[in-house]
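See below for the structure under consideration.
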Amino acid sequence: MSSTHFGFQTVAEEEKAKKVGEVFHSVARRYDLMNDVMSAGLHRLWKRFAIEISGVRAGNRVLDVAGGSGDLSRLFAKKVGPGGQVVLTDINASMLGVGRDRLIDDGVAVPALQCDAEKLPFPADYFDCVTVAFGLRNMTHKDLALAEMQRVLKPGGRLLVLEFSQVWKPLQPAYDAYSFKLLPLMGKLLANDADSYRYLAESIRMHPAQEELRQMMLDAGFGKVDYHNLTAGVVALHKGWKY
């Protein structure tokens, strides 16, 4: 039986998706609030930076993988205009429901599909841009998910991976104290769920660092991959091109 990590725990591969699903079902309704608190609102700036360097323009097709609350889909919908298309996906029904409802409330018409990033139900060479923001680290087989995202991109298309990464070394002690002490406490106080936020902190530490993720994207078939460190490496934005 193959195993993988769930935070710092080792679990059977088939159990990880269920456990991750439970975490995001638990935090879905307060996900944006907790993001604002955890990042002091910076997550909104990180997402806007991703939009600005995406190269997306009017008429493009964009796939928002693990799009959760719909933040990127909302911004991309403005970029592509009425002649373009944005598709929001998430494997977690609770997160997808929150994102879909918010988009509807904002008057943004975006199809929302529940699907697994490792088995995307879209044809090859279809999208101009694929994005995954703060979702890749929760996937069991990151290599398969990256290969699927490469498959559905048109030649010349771009993949944007916005994800927590390896922070600048001098900041590591303070960042660890924040992640493993303050973050679960905030989770308990604001969402009555310390365990889910402890998992989120652990999952960040288990995610590939900047250079390792860059190599994984190259191995998945991308012809070129660059990355930008944001906020001293707390977050990295990787951009891969399909040739």
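Things worth noting here:
- Remark: the Arg57-Ala109 segment gains 17.0 nm on full extension, using 0.36 nm per residue and subtracting the alpha carbon distance.
- The residues of the chain expose, per residue, 46 Å² of accessible area to a 1.4 Å probe.
- In a fully extended conformation the segment linking Glu212 and Phe180 would gain 9.1 nm over its present Cα-Cα distance, using 0.36 nm per residue.
- Computed from backbone phi, the HN-Hα couplings of the range 125-137 come to 6, 10, 9, 7, 8, 10, 10, 9, 10, 6, x, 4, 5 Hz, rounded to whole numbers (Karplus: 6.51 cos²θ - 1.76 cosθ + 1.60, θ = phi - 60°; Gly and Pro given as x).
- Computed helical MRE - 222 nm, the chain, DSSP H runs ≥ 4 contributing -39500 (n - 2.57), nearest 500: -13000 deg cm²/dmol
- Ordering of 143-151, 223-231 by packing [mean C-beta count within 10 Å, highest first]: 143-151, 223-231
- Between the range 136-168 and the range 180-243, the alpha-carbon center distance in angstrom: 11
- Cβ-defined net charge surrounding His207, 11 Å radius [Lys, Arg +1; Asp, Glu -1]: 0
- Accessible surface ranking that places the most exposed of Glu13, Glu211 first, with a 1.4 angstrom probe: Glu211, Glu13
- Charge tally in the Cβ shell below 13 Å around Tyr175, where Lys, Arg are +1 and Asp, Glu are -1, Tyr175 excluded: +2
- Radius 14 Å from Cβ of Arg74, net charge of other residues (Lys, Arg +1; Asp, Glu -1): +1
- FRET E, pair Asp195, Asp219, Förster distance 30 Å, beta-carbon r, rounded to 0.05: 0.35
- With every protein chain in place, the chain: carbon and sulfur % of accessible area (1.4 Å): 55
- For Val86, the residues whose amide H sits under 5 Å from its own are Val62, ignoring neighbours fewer than 5 places away on the same chain, with H placed 1.01 Å from N.
- Near the amide H of Asp125, within less than 5 Å, lie the amide hydrogens of Val152, Leu153, all on another chain or at least 5 residues away, with H placed in the peptide plane.
The values are calculated or read from the model by the stated rules, or taken from the named source; none is laboratory data. Since this is a predicted model, take the numbers as computed values, not measurements. With ideal geometry, Cβ positions are generated from the backbone for all residues, glycine too; neighbour counts draw on all protein chains shown. Protein only, heavy atoms only, side chains kept; ligands, DNA and RNA dropped before computing areas. Shrake-Rupley method; radii C 1.70, N 1.55, O 1.52, S 1.80 Å.
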